[in-house]
Amino acid sequence: MNELDRWRQKIDEIDLQIVKLLNERAACAKEIGRAKLTLGLEAYSPEREEEVMRNVTSHNSGPLSARAIRRLFERIIDESRTVERLFMAEQRGRSDRQGK
């Protein structure tokens, strides 16, 4: 195996770890949706999203720029928010059907 193949193999392994972590994050978003339903809160929380951005950019040691990290996390947060909203809508629909 040459050097290029070793680096590609390492990236492939990292990619699989990233997918696992993103799915774990989505599962957490679902649970946050459950908690927000109980508390009567909305899915969108701009203050919390900005807090996440501050956290991830302040822990960035490169080589990605803070701007790049921010762009990546904007997408990650969008997807997490979608999971949260879909879960909340599903639960509300289930509750409405049971109440009728």
Seminar exercise, completed: In the set 38, 82, 57, the lone residue that is surrounded by 14 or more Cβ atoms within 10 Å (Cβ to Cβ), assigned to a helix (DSSP H, G or I), without any contact (Cβ under 8 Å) to a residue 40 or more places away in the chain and of a type in the set (Ser, Thr, Tyr) is 57
Problem set entry | Residue satisfying all of: in region 1-35; surrounded by 11 or more Cβ atoms within 10 Å (Cβ to Cβ) and basic (Lys, Arg); nearest to residue 87 (Cα to Cα) among these | 30
Problem set entry | Among (1) of a type outside the set (Val, Ile, Thr); (2) surrounded by fewer than 10 Cβ atoms within 10 Å (Cβ to Cβ); (3) modelled with pLDDT of 95 or more, the one test that residue 46 misses | (3)
For this session: Tell me, yes or no, whether region 53-62 has at least one residue that is aliphatic (A, V, I, L, M), closer than 19 Å to residue 22 by Cα and under 15 Å from the mean Cα position of the chain (by Cα).
Result: yes
Exercise. What residue, among those in region 1-32 that are among the β-branched types (Val, Ile, Thr) and within 17 Å of residue 79 (Cβ to Cβ), is modelled with the lowest pLDDT?
Worked result: 32
Exercise. Are any of the residues in region 13-25 of a type outside the set (A, V, I, L, M, F, W, C), over 30 Å from residue 91 (Cβ atoms) and not in a helix (DSSP H, G or I)?
Worked result: no
For this session: Say whether the condition of being modelled with pLDDT under 95, within 15 Å of the chain's Cα centre (by Cα) and not basic (Lys, Arg) is met by at least one residue in region 33-40.
Result: yes
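The values are calculated or read from the model by the stated rules, or taken from the named source; none is laboratory data. Just so it is clear, the model here is predicted, and its values are computed rather than measured. Here the Cβ is made from the backbone with ideal geometry for all residues, glycine too, and neighbour counts use every protein chain on show.
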